[in-house]
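Take a look at the structure set out below.
The values are calculated or read from the model by the stated rules, or taken from the named source; none is laboratory data. Since we're looking at a predicted model, the values are computed, not measured. Here Cβ is always computed from backbone atoms with ideal geometry, including for glycine, and neighbour counts include all displayed protein chains.
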């Protein structure tokens with residue numbers, strides 16, 4: 001069944017003339033028409049097929065989070081503020097993938113401007129978890145994760161700020177990969193927190209992630225944070241069968257009281273699997289972990305308030321019809337009427353911590369803590385090769401269960417924020433299921449998160465691929481209600 005094929009397999013079948021690009025396009029188009037009413041992942045579906053010859057992606061359809069600007073295509077960031085915005089240019093990553101033969105555009109829903117913890121902040125629609133339609137798929141890349149998990153596409157573009165991809169992957173049973181902060185261009189992607197944001201892909205296998213990585217990484221003249229080094233993966237890494245000589249660090253701070261018992265047991269089993277593959281397990285402390293959430297929720301709102309300041313209703317965005325007597329009231333009306341609740345919350349908090357009275361007390365201190373966290377990781381990686389830990393303290397909870405208590409959702413970020421503050425690359429691989437701790441006792445996916453030093457992406461592919469081959473959990477990624 002084509003729906004359950006990997007990206008690599010589909011590309012090879014097209015090259016070998018077993019399939020045509022048009023057949024692949026039409027097949028996934030029909031699956032969207034059949035199943036999207038169940039998970040509601042798409043803001044826009046492209047029905048116009050275009051084909052060229054001699055391209056890497058062979059004009060396979062790629063699903064795009066509705067943050068990436070695409071020339072002449074409605075791009076809303078799931079905000080009514082931008083519900084009529086049509087960009088006049090392509091994001092750099094879109095251009096690279098178009099050059100490689102991507103068929104676009106299939107726009108995926110998200111939390112407004114990628115802000116929130118459980119997808120319930122989209123102004124467009126509510127997306128469901130394919131493994132349990134009454135539960136969340138998690139954060140702002142939920143829709144990207146849900147579309148791949150529902151076998152509606154072989155690959156989807158996402159963005160990650162701190163857990164936006166890892167936890168949807170954890171909740172939806174898909175492979176996510178985020179490179180180091182400096183690998184990808186952010187040009188043409190709606191920014192949330194510019195020193196955190198990282199664009200990348202959601203796929204079904206580790207090797208599929210590496211295919212997209214080679215196409216997307218490189219320097220961009222429009223983004224001077226990117227490194228001038230095109231990374232091509234050594235093909236020999238796919239032949240490795242064990243993890244001999246690999247030291248894996250298990251940070252004790254990631255296994256404390258807020259980690260659900262059933263998730264803990266599943267992650268511990270995955271760690272035992274790593275040991276069986278001859279990896280050396282080392283227990284090390286990451287003492288600054290407890291400060292990461294506080295630092296994050298000062299730095300990110302500050303960057304959010306700066307980035308969203310452009311949405312004033314003058315240059316672009318909706319213009320309020322509420323009466324106003326001066327320019328200040330005009331701005332306030334536009335932003336109050338057209339921005340969703342989390343965008344307002346973070347803009348207000350960010351403006352507060354950046355104010356002249358509180359800048360040193362909050363923002364400066366948080367930036368200093370960020371530096372300490374980076375140093376902690378540097379010290380850890382002088383002793384071990386890779387960090388292994390959970391991506392979330394629980395399996396997916398029910399829709400709307402925690403929407404009125406953002407602090408409960410923020411605490412779930414403790415496993416993903418530290419590495420984001422340090423700009424490190426990560427990958428998540430499936431490690432089986434765990435029962436929910438509510439009355440339903442529903443069996444839901446759990447993933448193992450692997451973190452690696454900056455600019456060492458090849459090694460993390462190598463380790464994740466060994467784990468994937470030896471456990472073969474990725475072969476069991478089919479929700480029961482799906483069919484071809």
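Mind checking which residues of the stretch 1-30 are more than 18 Å from residue 100 (Cα to Cα) and within 23 Å of the chain's Cα centre (by Cα)?
3, 4, 5, 28
Which one of these is modelled with pLDDT of 90 or more and more than 23 Å from the chain's Cα centre (by Cα): 246, 298?
Values: 298 fails: more than 23 Å from the chain's Cα centre (by Cα).
Being modelled with pLDDT of 90 or more and more than 23 Å from the chain's Cα centre (by Cα) holds for just one of 246, 298, which is 246.
How many residues does the stretch 435-463 contain that are part of a strand (DSSP E or B) and touching a residue at least 12 places away in the same chain (Cβ under 8 Å)?
Number satisfying all stated conditions: 9.
Of these, 345, 370, 335, which one is surrounded by 14 or more Cβ atoms within 10 Å (Cβ to Cβ), at pLDDT below 90, under 25 Å from the mean Cα position of the chain (by Cα) and in a helix (DSSP H, G or I)?
Numbers: 370 fails: at pLDDT below 90; 335 fails: under 25 Å from the mean Cα position of the chain (by Cα).
One residue alone meets the criteria, 345.
Out of the stretch 194-209, which residues are buried (at least 23 other Cβ atoms within 10 Å of the Cβ) and not in a loop (DSSP other than H, G, I, E, B)?
198, 199, 200, 201, 202, 203, 206, 208, 209
For the condition in a loop (DSSP other than H, G, I, E, B) and surrounded by fewer than 17 Cβ atoms within 10 Å (Cβ to Cβ), what is the one hit in 257, 275, 214, 236?
Every option except 257 fails the conditions.
Is it true that residue 228 is surrounded by fewer than 16 Cβ atoms within 10 Å (Cβ to Cβ), free of Cβ contacts under 8 Å to residues at least 60 places away in the same chain and not in a loop (DSSP other than H, G, I, E, B)?
Against the criterion (surrounded by fewer than 16 Cβ atoms within 10 Å (Cβ to Cβ), free of Cβ contacts under 8 Å to residues at least 60 places away in the same chain and not in a loop (DSSP other than H, G, I, E, B)), residue 228 does not qualify.
Would you point out the residue of the stretch 43-68, among those that are crowded, with 22+ Cβ neighbours inside 10 Å and closer than 30 Å to residue 308 by Cβ, that is nearest to the chain's Cα centre (by Cα)?
The selected residue is 65.
Among the residues of the stretch 166-185, write down those that are in a loop (DSSP other than H, G, I, E, B) and either under 14 Å from the mean Cα position of the chain (by Cα) or at pLDDT below 85 (or both).
Scanning the stretch 166-185 gives 173, 174, 179, 180, 181, 184.
If a residue must be assigned to a loop (DSSP other than H, G, I, E, B) and closer than 18 Å to residue 454 by Cα, how many such residues does the stretch 239-254 contain?
Counting residues in the stretch 239-254 that are assigned to a loop (DSSP other than H, G, I, E, B) and closer than 18 Å to residue 454 by Cα gives 1.
Looking for something surrounded by 20 or more Cβ atoms within 10 Å (Cβ to Cβ), at pLDDT 80 or above and more than 23 Å from the chain's Cα centre (by Cα) - is there at least one such residue anywhere in the stretch 408-431?
No; the residues of the stretch 408-431 include none that is surrounded by 20 or more Cβ atoms within 10 Å (Cβ to Cβ), at pLDDT 80 or above and more than 23 Å from the chain's Cα centre (by Cα).
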